[in-house]
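*Asks:* Submitted below is the structure of interest, expressed as structure tokens.
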């Protein structure tokens, strides 16, 4: 399980989402109203769903096709999470108190990159298994 490169990619993607929840800064506008928080139901649900899907994908290492589909669903959840962050960041009138509001937006992008790398490695494994089956 851990000797496969896609498992390492999946663990990195999962750790990035957990780090996003733990270290994500609260974004406030100039009046002190909270714009983005990691405890919002939408943000928390999307991050939690993506982490659970990645964890299930790691545990289903023998079912490569199911692992591929679960990774695609996690990519979709990350894109929706990224859309929520961008929408909330762009809807802020004026300046924010946290100047690093773009740092939290980068973590889902990096997680998506690692999920895509994992899917490429899963596809490579699946092609290898198919080629060996043809030789038998």
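*Asks:* Which order results if 80, 51 are arranged by neighbouring Cβ count within 10 Å, fewest first? Intermediate results must be reported in sequence, preceding the final value.
*Replies:* Details: 80 16, 51 21.
Ascending number of Cβ neighbours within 10 Å: 80, 51.
*Asks:* Sorting 114, 85 on the 10 Å Cβ count, fewest up front, what's the list?
*Replies:* Arranged by neighbour count, lowest to highest, 114, 85 become 114, 85.
*Asks:* Right, next: Pop a pseudo-label 7 angstrom from the Cα along the beta-carbon direction at both residue 21 and residue 3 and give the gap in nm to one decimal.
*Replies:* 3.2 nm
Computed from the coordinates by the stated procedures, all read-outs in this text should not be read as laboratory data. Everything numeric in this text was worked out from a predicted model, so none of it was measured. Please note: Cβ atoms are built from the backbone with ideal geometry, for glycine as well, and neighbour counts cover all protein chains shown.
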